[in-house]
Amino acid sequence: MSIISKDIQKAVKLLTNEQLVAIPTETVYGLAGNIFSEKAINSIFSTKKRPFFNPLIVHISEVKELENIVTHIPQKAKLLAEAFWPGSMTLVLKKNEKIPDLITAGKDTVAVRIPNHPVTLELLRQLPFPLAAPSANPFGSISPTKPEHVERYFKNDIQQVLDGGSCENGIESTIIGFENDEPIIYRLGALALEDIKAIVGEITIKNKKEQSPDAPGMLARHYAPSTKTFLVDNVAEEIKKHPNKKIGVLVFKTSLKNKNLIEIILSEKGFLQEAASKLYDSLHQLDRLQLDVIITERFPNNGLGKSINDRLQRATFSA
Ligand code: TXA
Ligand code: MG
């Protein structure tokens, strides 16, 4: 048996015994448990220190499993599922009575997605139940995109981090809900808005900082390093406001060529996809250096740049 399938067997066993396993996805690592185990779901909330009002995403491996989870699939949801699953999109649909209230925080809707990662897809195929999996980080902190990020957070709390390498997309799924069968974006994420519009046309975004309809990804402060972090248009100007400080900077593509600070360039070629995939790991790296401040550069507000800006705004103080 290959190492991977041994690891998957171990995960099957733990999950069947109502334990938690950290799982790789193409967006971020998730902290997974059996959706039908009250014990497992309770330990997801307690391990993450996540408030119970905050619903979880249900992960499945086949579109046909939706029938066992939801009561109604709007036409545009079908089109989106066809276009983007397996992939970085979560659909919020009317739940059926089998889905426990603990998963949905008492709402009549449930969030579902088919992740696009071979290890987790194989794991899901071998399990007779779907997995609830929020990002595998303590509530409010930076999401994990590498196994070691999860280990640093939860080494003593969970028995297995299923290794699937670095997450290819690097930011959370785009969440899409429906009102009167029309799609609405609840959380910007790893899909570019333009690609979604190509499937369903114009779409409303309810993702504003001040709104918090469906909590954590929408809370004003989230995804945050413990170091004081700023988001600015002009990094060089901001640096002048912090004399005699140990400074880390995160820039999109152009080096500041300043030897007095620690700099991470997210994509020298200016690729937004590459920048997104490195975003959280770079914040994790800077956050561990005991700097006085981290200064991050605002991204161009198109494509994945919009999603990156959304995460940076929530991770930082000034906008
Ligand atoms: O990429 C992802 O989505 C990752 C991976 C592990 O799949 N998961 C993730 O989960 O980001 P989490 O728990 O960190 O974020 C889930 C988001 C929250 O903002 C939650 O409020 C929203 O999904 N959500 C869950 N159920 C919902 C519902 N019924 N209605 C509206 N929003 C919901
Ligand atoms: Mg999260």
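A compact table of results
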quantity: Selection status of residue 160, modelled with pLDDT of 95 or more and polar (S, T, N, Q); calculated: yes
quantity: Pair list, Cβ < 8 Å and 6+ apart or interchain, from region 1-22 residues that are under 17 Å from residue 41 (Cβ atoms) to residues that are part of a loop (DSSP other than H, G, I, E, B) and of a type in the set (Ser, Thr, Tyr); calculated: 18/37; 22/29
quantity: Per-region count, region 140-168, residues part of a strand (DSSP E or B) and among the hydroxyl-bearing types (Ser, Thr, Tyr); calculated: 1
quantity: Exclusive hit being within 30 Å of residue 80 (Cβ to Cβ), in contact with a Ser or Thr (Cβ under 8 Å, 6 or more places away or on another chain) and modelled with pLDDT of 95 or more, set 220, 198, 190; calculated: 190
quantity: Search result, residues across region 95-120 that are part of a helix (DSSP H, G or I) and more than 10 Å from ligand 1 (Cβ to nearest atom); calculated: 101, 102, 118, 119
quantity: Single condition residue 184 does not satisfy, out of (1) in contact with a strand residue (DSSP E or B) (Cβ under 6 Å, 6 or more places away or on another chain); (2) crowded, with 18+ Cβ neighbours inside 10 Å; calculated: (2)
quantity: Wholly within region 1-86, strands (runs of 3 or more DSSP E) carrying at least 2 residues that are under 20 Å from residue 107 (Cα atoms) and at pLDDT 95 or above; calculated: 30-34, 57-59
quantity: Identity of the residue in region 58-80, under 21 Å from residue 195 (Cα atoms) and in contact with a Leu (Cβ under 7 Å, 6 or more places away or on another chain), that ends up surrounded by the fewest Cβ atoms within 10 Å (Cβ to Cβ); calculated: 73
quantity: Looking only at region 96-114, and only at residues there that are touching a helix residue (DSSP H, G or I) at 6+ places or on another chain (Cβ under 8 Å) and either farther than 18 Å from residue 40 by Cβ or without any contact (Cβ under 8 Å) to a residue 24 or more places away in the chain (or both), the one that is surrounded by the most Cβ atoms within 10 Å (Cβ to Cβ); calculated: 114
quantity: Test: residue in region 36-57 that is assigned by TED's automatic domain parsing to the domain that holds residue 177, buried (at least 20 other Cβ atoms within 10 Å of the Cβ) and within 13 Å of the chain's Cα centre (by Cα); calculated: yes
quantity: Count - residues of region 154-166 that are within 16 Å of ligand 2 (Cβ to nearest atom) and crowded, with 24+ Cβ neighbours inside 10 Å; calculated: 0
quantity: Residue 171 being assigned to a helix (DSSP H, G or I), touching a helix residue (DSSP H, G or I) at 6+ places or on another chain (Cβ under 7 Å) and either more than 16 Å from ligand 2 (Cβ to nearest atom) or not assigned by TED's automatic domain parsing to the domain that holds residue 266 (or both); calculated: no
quantity: Inter-residue pairs, beta-carbon under 6 Å, first within 18 Å of residue 26 (Cα to Cα) and among the polar types (S, T, N, Q) and in region 41-66, second surrounded by 17 or more Cβ atoms within 10 Å (Cβ to Cβ) and at pLDDT 95 or above, 6+ apart; calculated: 61/121; 61/124
quantity: Test: residue in region 121-139 that is within 13 Å of the chain's Cα centre (by Cα), hydrophobic (A, V, I, L, M, F, W, C), closer than 11 Å to residue 22 by Cα and not in a helix (DSSP H, G or I); calculated: yes
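The values are calculated or read from the model by the stated rules, or taken from the named source; none is laboratory data. Keep in mind that what you see is a predicted model, and the values were worked out from it rather than measured. Don't worry about glycine lacking a Cβ; one is built from the backbone with ideal geometry, like all the others, and counts go over all protein chains shown.
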